[in-house]
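Student: Structure in structure tokens, see below.
The values are calculated or read from the model by the stated rules, or taken from the named source; none is laboratory data. No experiment lies behind these values; they were computed from the predicted model shown. Because the Cβ atoms are built from the backbone with ideal geometry, glycine has one as well, and the counts that use them run over all protein chains shown. For accessibility, only protein heavy atoms count, side chains too; no ligands or nucleic acids. Shrake-Rupley method; radii C 1.70, N 1.55, O 1.52, S 1.80 Å.
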Amino acid sequence: VKEQDPPVVTAEKLKDVVTGNRVWRSMVRFSYPGTEKAQAQIVHGLFVTHIHPVKVNVRSIRLTYSWGLGLVSFFLFALLFVTGVLLMFFYIPFTERAYQDILGLETTVKFGRVLRSMHRWGAHLLVATMFLHMLRVFYTRAYRSPREFNWVIGVALFVTILLLSFTGYLLPWDQLSFWAVTASTNILPYAPFLGSKLRLLVLGASEVGQPALLRFYVLHVMVLPGVATVLISFHLWRIFKDGGLAASEARSPGRAAAPLAAPLVSTGNGASDGATVVRERTPRAKEPRLTVHTWPNLIILEALAGLAVTASVLIFSMFVSAPLRDPANPNVTENPSKAPWFLVNIQELFPHMGVLLGGIVIPTVVVLALMALPYVDTGKQGTGEWFLLDRRERWLVLWGAIYALAWTLGLVFLDNYYPIRTWAPRQEILSQTLIPGGIIAGVAFLLYLSVLPWRPRTRELLTLYFTAFVATYVTLTIIGSFFRGAGFVLVAPWDMGPSGLSF
Ligand code: HEM
């Protein structure tokens, strides 16, 4: 009997098996055509191109433009969604059980410790990446027309994500969470008009207890994720509708990034680097605009970013566990009782001024000023380009940061030894609001005077003040996080002890 040759498996045959059946064809309804027009139609019909254009400008997919920070924030949000749903299987928002449930995750639930850590570290990282994303958008002037409203949506997202992190902070029901929320909600009675009613509304009682835990839980797992999902969807859709990233409008020549793969379409007056780039003339920039197909150039980068984010958070969580202190005890005050690190910058203001000014007026003014920013800057020059391209602005950024750092450190230390509150002890409105408010306004005015000889333009003044704000915000966060010990007094970080950390 003649022995038969073993069947040969070729790539071609394998492809036929995978793609030549009904299940595959029900998912992918097209074959890959040879003409440019048909290829473009396919890219247009892909699911992902519902929020992406068929082609993107190569400037906007260059890593050194966006640093992928919005994308990373998006994937972190998705990761928090998935890990959050899994955590919900093991957690009941009942004061008698909450801490035990978290302990159970740490000790008995398989992979529970890693799951909880991924959720916690992911949430912290999201606050950081979102903040950096906002800086990137500001310093590339990507908030200008037609993207003003998307910037406003971004500011609303910023506040929503902070509230999401804050409401989640209470859920472990340990000493850290209980006292952090107690410290933070003590601001609420100072809100104008609503006063103590607002605290009652948020906590459901006069103190942090069962009603507060339930309210925070509902806000954390339903209301705020819902709001954030709507805002993020709208944010991404607006990027598409606003004509992609602002980098595509940049006027300086810049170098074209090499696309990941040969394009699906190649037309126009020819690309210089091996027909990988499509050149088109845009009426606005009056210079050749370089575009490539969204698939695979952008989509593969996005997929890689998603994988990198998930892998990094997973690996970090395998080695570093999320903290869990003793169970919440309303009778034993945690000392220092600090707000979560991303709000400790506000708490850092309280030793120096009244809660009304530091906790209500300043945060409200900051949020409103950020929202108004794109409507003040109506310029066009420099849109979609890093400020580093402009020498004057580089100096302004440096000057704004040094000025704010010096004044913030100086005032914090000065106030530590000569507290403003003692200047007019009987006149609360003077010592707690008018004097500290006047000092802040004076410092801001001096900053303006310091650059007046250079006749700064509006956008340069915005750069100066935005940078000064960021430097102050970061300095206050560092002082509050690492230099405040028991009784919230200034100490060296090594004297603070681990209980001073509010992560
Ligand atoms: C959870 C929070 C956020 C997510 C998931 C998110 C997502 C994104 C993504 C994916 C992009 C595309 C470019 C990139 O990857 O960097 C983008 C662009 C943009 N984002 Fe965000 N973002 C968030 C928060 C913010 C905030 C806080 C602001 C501003 C206050 C903001 C303002 C903008 C603007 C104006 C653009 C267009 C930028 C350009 O054209 O270059 N976003 N965002």
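Student: Tell me which helices (runs of 4 or more DSSP H) are completely within the stretch 36-110 and hold 3 or more residues being under 30 Å from Phe178 (Cα atoms) and either touching a Leu at 6+ places or on another chain (Cβ under 7 Å) or among the hydrophobic types (A, V, I, L, M, F, W, C) (or both), or say none if there are none.
Tutor: 69-88, 98-107
Student: List every residue pair whose Cβ atoms sit under 7 Å apart, with the two residues 6 or more apart in sequence or on different chains, where the first one lies in the stretch 422-438 and is farther than 14 Å from Phe350 by Cα and the second, anywhere, is not hydrophobic (A, V, I, L, M, F, W, C).
Tutor: Within 7 Å, the pairs are Trp423/Ser431; Ala424/Ser431; Pro425/Ser431.
Student: Do we find a residue being more than 11 Å from the ligand (Cβ to nearest atom), surrounded by fewer than 18 Cβ atoms within 10 Å (Cβ to Cβ) and not in a strand (DSSP E or B) anywhere in the stretch 174-190?
Tutor: Checking the stretch 174-190: at least one residue is more than 11 Å from the ligand (Cβ to nearest atom), surrounded by fewer than 18 Cβ atoms within 10 Å (Cβ to Cβ) and not in a strand (DSSP E or B).
Student: Still on this model: Going by what's in this entry, would Ser450 be described as assigned to a helix (DSSP H, G or I) and within 18 Å of His352 (Cβ to Cβ)?
Tutor: Here the answer is no, as Ser450 does not meet what is asked.
Student: If you check Ala424, Ala486, Ala441, which single one turns out to be over 30 Å from Gly384 (Cβ atoms), surrounded by fewer than 16 Cβ atoms within 10 Å (Cβ to Cβ), aliphatic (A, V, I, L, M) and touching a Gly at 6+ places or on another chain (Cβ under 9 Å)?
Tutor: After applying the criteria, what remains is Ala486.
Student: Do the conditions hold for Phe342, that is, is it in a loop (DSSP other than H, G, I, E, B) and open to solvent by 10 Å² or more (accessible area, probe 1.4 Å)?
Tutor: So Phe342 fails the test.
Student: Consider the stretch 132-147. How many of its residues are more than 8 Å from the ligand (Cβ to nearest atom) and surrounded by fewer than 21 Cβ atoms within 10 Å (Cβ to Cβ)?
Tutor: 5
Student: I want to confirm something. Restricting to the stretch 295-339 and keeping residues that are small (Gly, Ala, Ser) and not in a loop (DSSP other than H, G, I, E, B), which single residue is nearest to Phe178 (Cα to Cα)?
Tutor: Among those residues, the one meeting the criterion is Ser317.
Student: Could you check the stretch 46-73 and list, in sequence order, the residues that are open to solvent by less than 20 Å² (accessible area, probe 1.4 Å), of a type in the set (Ser, Thr, Tyr) and more than 9 Å from the ligand (Cβ to nearest atom)?
Tutor: Selection gives Thr49 alone.
Student: OK, next. Taking the condition surrounded by fewer than 17 Cβ atoms within 10 Å (Cβ to Cβ), touching a residue at least 40 places away in the same chain (Cβ under 8 Å) and among the β-branched types (Val, Ile, Thr), does Thr458 pass?
Tutor: yes
Student: Restricting to the stretch 204-252, what's the tally of residues that are more than 9 Å from the ligand (Cβ to nearest atom) and either open to solvent by 30 Å² or more (accessible area, probe 1.4 Å) or closer than 26 Å to Asn331 by Cα (or both)?
Tutor: Residues meeting the conditions: 31.
Student: Any idea which of Leu162, Leu76, Leu126 is under 13 Å from the mean Cα position of the chain (by Cα) and open to solvent by 20 Å² or more (accessible area, probe 1.4 Å)?
Tutor: That would be Leu162, the only listed residue that is under 13 Å from the mean Cα position of the chain (by Cα) and open to solvent by 20 Å² or more (accessible area, probe 1.4 Å).
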